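The values are calculated or read from the model by the stated rules, or taken from the named source; none is laboratory data. As the structure is a prediction and not an experimental result, all values here were calculated from the model. Counting neighbours? That spans all protein chains shown, and the Cβs are built from the backbone with ideal geometry, glycine included. Note: accessible area is taken over every heavy atom of the protein model, side chains too, but ligands, DNA and RNA are not part of it. Shrake-Rupley method; radii C 1.70, N 1.55, O 1.52, S 1.80 Å.
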Amino acid sequence: MDFKNITVAGGGILGSQIIFQAAFSGFEVSLYDINDTALEAADQRFKSYMEIYKDEVGATQDQVDAAYDRITGFTDLAEAVKNADLVIEAVPESIPVKEKFYRELSKVSPEKTIFATNSSTIPPSQLVGFIDRPEKFTTLHFCTEVWKHNIGEVMMHSGTKREVFDQVVEFAKAMGLVPIPIEKEFPGYVLNALFVPLCVQALRLYVNDISTPELVDKTYMICTEGPFGPFGLMDMIGINTCYSIATMMGEQGDDDMARVAVILKEQFVDKGKVGKQVGEGFYTYPNPAFSKPEFFK
């Protein structure tokens, strides 16, 4: 594995975490995003991760400064990928958005460049038709708060070269991740095959007025002894991502999820309350209700 230059497309909550983890692991990282406002928002996230890595990873100031200095932002895709050994796509969870991105990416990327999607729910076979190098396309899926939930799910599609798959697995290791190789395509990989149904059922309880987010999480946490419940998990993932998934399921005919999408958009996304990273979602942070002893009374 001889990757040196990594490009990440999309500096949102998870994209910015991927970028900082790669930079912290010694890679030169280019961030591509759609405008300067998006780059500035990502830069603020990087600065917050510097403090998190010192507090939770035990990093030194010199280490986080060096990681920050390895990151360069671009709004020109051709410039962002001109030296890329690997491009990790972390754009919104929408096939039309991804199609537009991959068609442009294919035109401007060097021949050597490998593409990997971080898509949460869209399998690579649904994207590969937009790409000029299907044999160099795979997935590399991360869990939020990547510095401590450090898995890297690498899933091939039927046309992925074994050499490419193995290189991406080795890159995941070099990023400080535990690689989860998946040699047969499956929607949701391992992580989201488990988590998405849990979150969807929690949202059904909510939208049908069966229970509240707090009661759902209380039930789950008491019975599993877990550190958070489905709604706390959605705050970690980012409610904007949950909104994208609910929208997609609604468009596929799921009436409950269509109603969920409307609620998430109006009550959370449009108000900027997209979860833990911004301090408010279903709960408020840094001290959410579920972290307090009285939550369980």
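Below is a table of values for the structure above.
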{"quantity": "Value of [θ]222 nm, deg cm²/dmol, for the chain, DSSP H segments ≥ 4, -39500 (n - 2.57) each, nearest 500", "calculated": "-13500 deg cm²/dmol"}
{"quantity": "Length-normalised contact order of the chain in % [C-alpha pairs under 8 Å, at least 6 apart]", "calculated": "13 percent"}
{"quantity": "Region 228-297, relative contact order in percent, only Cα pairs under 8 angstrom and at least six apart counted", "calculated": "31 percent"}
{"quantity": "Accessible-area order (highest first, 1.4 angstrom probe) of the listed residues 189, 68, 32", "calculated": "68, 32, 189"}
{"quantity": "Charge dipole magnitude, Cβ of K and R +1, D and E -1 - the chain, Cα centre, debye nearest 20", "calculated": "260 debye"}
{"quantity": "Share, in percent, of DSSP beta bridges within the chain that are antiparallel, nearest 5", "calculated": "20 percent"}
{"quantity": "Å² per residue, accessible surface of the chain at 1.4 Å", "calculated": "46 Å²"}
{"quantity": "For region 247-254, Karplus couplings with θ = phi - 60° (6.51, -1.76, 1.60), whole Hz, Gly/Pro x", "calculated": "4, 4, 5, x, 5, 8, x, 8"}
{"quantity": "Whole-number Å³ per residue for the convex hull built on Cα positions in region 166-252", "calculated": "130 Å³"}
{"quantity": "Formal net charge of residues neighbouring residue 142 (Cβ-Cβ distance under 15 Å; K, R +1; D, E -1)", "calculated": "-1"}
{"quantity": "Burial ranking of peptide ranges 124-133, 231-240, 55-64, 203-212 (average Cβ count within 10 Å, highest at the top)", "calculated": "231-240, 124-133, 203-212, 55-64"}
{"quantity": "Label-point separation in nm, residue 287 to residue 55, each point 7 Å along Cα→Cβ", "calculated": "1.3 nm"}
{"quantity": "Reachable aspartates and glutamates from residue 292, criterion Cα separation under 19 angstrom, eight or more residues apart if same chain", "calculated": "214, 217, 225, 235, 280"}
{"quantity": "Region 42-129 - charge dipole about Cα centre, Lys and Arg +1 at Cβ, Asp and Glu -1, debye rounded to 20", "calculated": "360 debye"}
{"quantity": "Cβ-placed point charges (K, R +1; D, E -1), dipole of region 229-282 about Cα centre in debye, nearest 20", "calculated": "240 debye"}
{"quantity": "Proximal lysines relative to residue 107, as straight alpha-carbon distance under 18 Å, when same-chain residues fewer than 8 apart are discounted", "calculated": "82, 98, 136"}
{"quantity": "Shape of region 223-272, Cα gyration tensor, a/c cut at 1.5", "calculated": "oblate"}
{"quantity": "Angle between the chain longest axis and helix 213-224 axis [Cα atoms, degrees, rounded to 10]", "calculated": "80 degrees"}
{"quantity": "Accessible-area ranking of 141, 149, largest first, probe 1.4 Å", "calculated": "149, 141"}
{"quantity": "Zero-based 10 Å bins, Cα pair distances in region 116-188, whole percents", "calculated": "22, 54, 22, 1"}
{"quantity": "J(HN,Hα) series, region 79-86, from Karplus relation 6.51 cos²θ - 1.76 cosθ + 1.60, nearest Hz, glycine and proline x", "calculated": "5, 5, 10, 4, 10, 6, 7, 9"}
